[in-house]
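*Asks:* Below you will find the structure I want to go over with you.
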Amino acid sequence: MIDYMDYVLRQFERCTSWNNDNSYENIVGTSRNILQFDVPEALKVQVNNKSTPYSYNTLEITNNKTINGSLSYLYTNCENLGQFVDGSTSVRLQQMTQSFRYIEPYYHHYKSNGKSQVPKVPTSPIYLVYGRMLYPSSTLEAMYVKRFSRNYQLMLKCLSAKTGPSILTMYLQKNTGANCQELILSTNEALLGYRFVHNFVSAGSKSNLSLYNNSSLSIGSELWCALLNLSPGCSTTLRYCSHATNTGKPLIFTLSLNPLYGHVSSTYSIKTHENLTFSTKYDFNIYSIQSNLTLGMELWKYRFGQRGKNVQQQEQDQLGSEQALASESIDDWSQITTHDKTPMYYHLLSQTEKSSHSSQKLLQDLNLTFQSSLQKIDKEREVIESFNDRYNEADFTQVFKASTSLRDRSLRFLWEGKIKGFLISAGVELTQPPEIAINGLDSLEHQNWTLISPSKFGIQLQYSA
């Protein structure tokens, strides 16, 4: 379960039409959410409040051997943000969890589809100020976000603690949809970085005669250099997102390469149903010839009686589209004359009349061919958009996640749900001791090791008004 302030920041980006999925930081976000989800490590209670449409605050208490806490405050001048932020009673569970996120082509984020109008960024500058104080350590976290225009954004993050130096990081971002560029400066070892993502799909369908294009292909890279010790770093990633045309199920494929360390990673994630997702990740190092396979899944559960309604609505939509397609085909065929439907009729005509009717029938055949293709494209579009709408509008009450890593010999389980207005997360991570993973079960003869033991376990409760 994400923190309340992270949720408010997400809604701030949504309210101001900032597509954070287009950044290189989140280019493999979907597989990371399913395979490397966070497991609570202690008992954490978080109470949140929207005091005004412009200010939000959070009180958090954590019990991990010692009692720790934090107090957070957020303020923004965005006028419509209050309409996007909901309390824990009414918020949808899929908005508060790290789950499968399909990357729509960027031009979908800047157009109205008849169902919802994407809000426009006001002409005046928009800013957001966030501060958090942790006690008893007296550590201070701060963040400042300012939108200059639709495409430019400045972000400052600061961390100040009694032990250790203070760190200030600046992000200057330019996001045009077609590409996203970030210039990063940090006082930690004078770190300088540059990240970019470019989308090869430049525009959507310009007319109804064009094929429906809901896929996207992106490539991104990052370059880092610590100026104090001249330590470089770089990586590049390819991402492809598409839908199965017959079922509308979304899928995401990524391929990452770090040439300095020789690390190659590939992921494949697919949403086989509105409430079921599978993901795999394969890692390989070309220098050490070591590999690892990670598997993960997430299973959502509807509110009682909600799934039956969704299945019934899905069947009705599919039946309606098939009937409409059949009726349109019948109407088109009925427009053809009786002579055109009779092949032997041409042998009874003169050469001139035969040529004239042949041209007419050729045009009719071409119209039928193109019209059937357009009907197929419209059907594909309807199936894909219907699948996305059912997931976004579903009333889920809980989600179960599980992942395992063959090389690390670990199992991770996480349950998140809504109970009487409370958002609850409970998870555990089970790992095998390294001596057993390396030497096998024979190492248990002289040591009191267990086959598998929990390394993390915790519960998180969150309530917001």
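*Asks:* Here are some conditions: (1) buried (at least 16 other Cβ atoms within 10 Å of the Cβ); (2) under 30 Å from Glu385 (Cβ atoms). Leu257 meets all but one. Which one does it not meet?
*Replies:* (2)
*Asks:* How many residues, within segment 246-258, are more than 20 Å from the chain's Cα centre (by Cα) and in contact (Cβ under 8 Å) with a residue 24 or more places away in the chain?
*Replies:* 2
*Asks:* Another question, then. Can you tell me which residue within segment 123-177, out of those that are of a type in the set (Phe, Trp, Tyr) and open to solvent by less than 50 Å² (accessible area, probe 1.4 Å), is farthest from the chain's Cα centre (by Cα)?
*Replies:* Looking at residues that are of a type in the set (Phe, Trp, Tyr) and open to solvent by less than 50 Å² (accessible area, probe 1.4 Å), I get Tyr130.
*Asks:* Separate question: What's the total number of residues in segment 284-301 that are without any contact (Cβ under 8 Å) to a residue 60 or more places away in the chain and either open to solvent by less than 70 Å² (accessible area, probe 1.4 Å) or small (Gly, Ala, Ser) (or both)?
*Replies:* Of the residues in segment 284-301, 3 are without any contact (Cβ under 8 Å) to a residue 60 or more places away in the chain and either open to solvent by less than 70 Å² (accessible area, probe 1.4 Å) or small (Gly, Ala, Ser) (or both).
*Asks:* Turning to a different aspect of this structure: Condition first: at pLDDT 90 or above, of a type outside the set (A, V, I, L, M, F, W, C), surrounded by 16 or more Cβ atoms within 10 Å (Cβ to Cβ) and not in a loop (DSSP other than H, G, I, E, B). Can you find one or more residues in segment 90-106 that meet it?
*Replies:* no
*Asks:* Further question on the same structure: If a residue has to be out of contact with any helix residue (DSSP H, G or I) (no Cβ under 8 Å at 6 or more places or on another chain) and modelled with pLDDT of 90 or more to count, how many in segment 69-83 make the cut?
*Replies:* Looking only at that region, the number is 6.
*Asks:* So, in segment 259-286, exactly how many residues are over 18 Å from the mean Cα position of the chain (by Cα) and not in a loop (DSSP other than H, G, I, E, B)?
*Replies:* The total comes to 7.
*Asks:* I need a count of the residues in segment 36-65 that are of a type in the set (A, V, I, L, M, F, W, C) and part of a loop (DSSP other than H, G, I, E, B).
*Replies:* Result for segment 36-65: 3.
*Asks:* Shifting gears a bit: Restrict the check to segment 352-369 and report whether at least one residue is open to solvent by 40 Å² or more (accessible area, probe 1.4 Å), at pLDDT 75 or above and over 30 Å from Met5 (Cα atoms).
*Replies:* Checking segment 352-369: not a single residue is open to solvent by 40 Å² or more (accessible area, probe 1.4 Å), at pLDDT 75 or above and over 30 Å from Met5 (Cα atoms).
*Asks:* Oh, and also: In segment 271-283, what residues are open to solvent by less than 60 Å² (accessible area, probe 1.4 Å) and out of contact with any Gly (no Cβ under 9 Å at 6 or more places or on another chain)?
*Replies:* Lys271, Thr272, His273, Glu274, Asn275, Leu276, Asp283
*Asks:* Ok, one more. Here's a check for you: in segment 3-35, which residue that is outside any helix (DSSP H, G or I) and modelled with pLDDT of 90 or more is surrounded by the most Cβ atoms within 10 Å (Cβ to Cβ)?
*Replies:* Ile27
*Asks:* Next question. Name the residue, out of Cys180, Cys234, that is farther than 23 Å from Leu156 by Cβ and either at pLDDT 95 or above or not in a loop (DSSP other than H, G, I, E, B) (or both).
*Replies:* Checking each option against the conditions leaves just Cys234.
*Asks:* Something else now. Can you tell me which residues in segment 36-48 are closer than 14 Å to Gln98 by Cα and either open to solvent by 20 Å² or more (accessible area, probe 1.4 Å) or more than 14 Å from the chain's Cα centre (by Cα) (or both)?
*Replies:* Gln36, Asp38, Val39, Pro40 - these are the residues of segment 36-48 that are closer than 14 Å to Gln98 by Cα and either open to solvent by 20 Å² or more (accessible area, probe 1.4 Å) or more than 14 Å from the chain's Cα centre (by Cα) (or both).
*Asks:* Another one. So which residues in segment 221-259 are small (Gly, Ala, Ser) and touching a Cys at 6+ places or on another chain (Cβ under 8 Å), if there are any at all?
*Replies:* If the condition is that a residue be small (Gly, Ala, Ser) and touching a Cys at 6+ places or on another chain (Cβ under 8 Å), then Ser221, Ser231, Gly233 are the ones that fit.
The values are calculated or read from the model by the stated rules, or taken from the named source; none is laboratory data. Model, not experiment: these values are computed from the prediction. Backbone-built Cβ (ideal geometry, glycine too); neighbour counts: all protein chains shown. For accessibility, only protein heavy atoms count, side chains too; no ligands or nucleic acids. Shrake-Rupley method; radii C 1.70, N 1.55, O 1.52, S 1.80 Å.
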